[in-house]
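Asks: Input: one structure, supplied below.
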Amino acid sequence: MTETSDAPASQTLSRGIRILEILSDAAEPLAIDEVSRRLGVHRSVAYRLVRTLEHHGLTGRTDGGRIALGARLAALAAGVARDLQSEALPELTAVANDVGLTCFLVVLDRDECVTLVSVEPRHAGASVAQAAGLAASPRHRRPRTRRAQPAPAVAVARHDLGADRGAAARG
């Protein structure tokens, strides 16, 4: 039997992933009631899902009991396009230091741009919170359709997350 709809194969897994997205998009840790409301499920369903995510270190609780993303996500994210990151890091570092600007390694993932890594110049006067519409923090996602003021082009990288190789060129 073939699946013809866009429905997820596992509703439970899909909801768990959605919780991670909700927490990622939130400006601050959320109460379980807010998670359940945003997810569109009963509080008890959200609670069970969050407990499972907590068990795996993907979410955690603040001192006030609110839910936040867990540190284990960083370890998982480090494995994304590992070869591309290791190849690009020396180039990003060199360019950042040469031009005195923060450099980003950004990949296209479906309809979003995902920052895999950012490098600050060695002698930066200040940290960059946001540049060219892309957050400086690694693993940050922005819609591909979002337009920003053009920034100086210092490095160009194109990589398909489904492909084995990416190409990077200094521009």
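Asks: So which of Leu30, Leu73, Leu23, Leu49 is open to solvent by 30 Å² or more (accessible area, probe 1.4 Å) and among the hydrophobic types (A, V, I, L, M, F, W, C)?
Replies: Working: Leu30 fails: open to solvent by 30 Å² or more (accessible area, probe 1.4 Å); Leu23 fails: open to solvent by 30 Å² or more (accessible area, probe 1.4 Å); Leu49 fails: open to solvent by 30 Å² or more (accessible area, probe 1.4 Å).
Just one listed residue meets the conditions, Leu73.
Asks: Here's something else I'd like to know. Taking interchain pairs and intrachain pairs at least six residues apart, which have beta carbon atoms under 9 angstrom, with the first residue in the stretch 23-46 and within 9 Å of Ile67 (Cα to Cα) and the second aromatic (Phe, Trp, Tyr) and in a helix (DSSP H, G or I)?
Replies: Within 9 Å, the pairs are Ile32/Tyr47; Val35/Tyr47.
Asks: If we keep just the residues of the stretch 1-20 that are of a type in the set (D, E, K, R) and modelled with pLDDT of 95 or more, which is least open to solvent (accessible area, probe 1.4 Å)?
Replies: Checking each candidate, the answer is Arg15.
Asks: So, in the stretch 33-42, exactly how many residues are surrounded by fewer than 14 Cβ atoms within 10 Å (Cβ to Cβ) and either polar (S, T, N, Q) or not in a helix (DSSP H, G or I) (or both)?
Replies: Selection size over the stretch 33-42: 2.
Asks: Of everything in the stretch 60-119, what is more than 12 Å from the chain's Cα centre (by Cα), of a type in the set (D, E, K, R) and at negative phi? Give them in sequence order.
Replies: Selection gives Arg61, Asp63, Arg66, Arg72, Arg82, Asp83, Glu87, Glu91, Asp98, Asp111.
Asks: In contact (Cβ under 8 Å) with a residue 24 or more places away in the chain, surrounded by fewer than 15 Cβ atoms within 10 Å (Cβ to Cβ) and among the hydrophobic types (A, V, I, L, M, F, W, C), is that true of Val99?
Replies: Judged against the criteria, Val99 is a match.
The values are calculated or read from the model by the stated rules, or taken from the named source; none is laboratory data. Values in this document were obtained by computation on a predicted structure and should not be read as measured data. Glycine also receives a Cβ, built like all others from the backbone with ideal geometry; neighbour counts cover every protein chain displayed. Remember, those area values only see protein heavy atoms, side chains included, never the ligands or the DNA or RNA. Shrake-Rupley method; radii C 1.70, N 1.55, O 1.52, S 1.80 Å.
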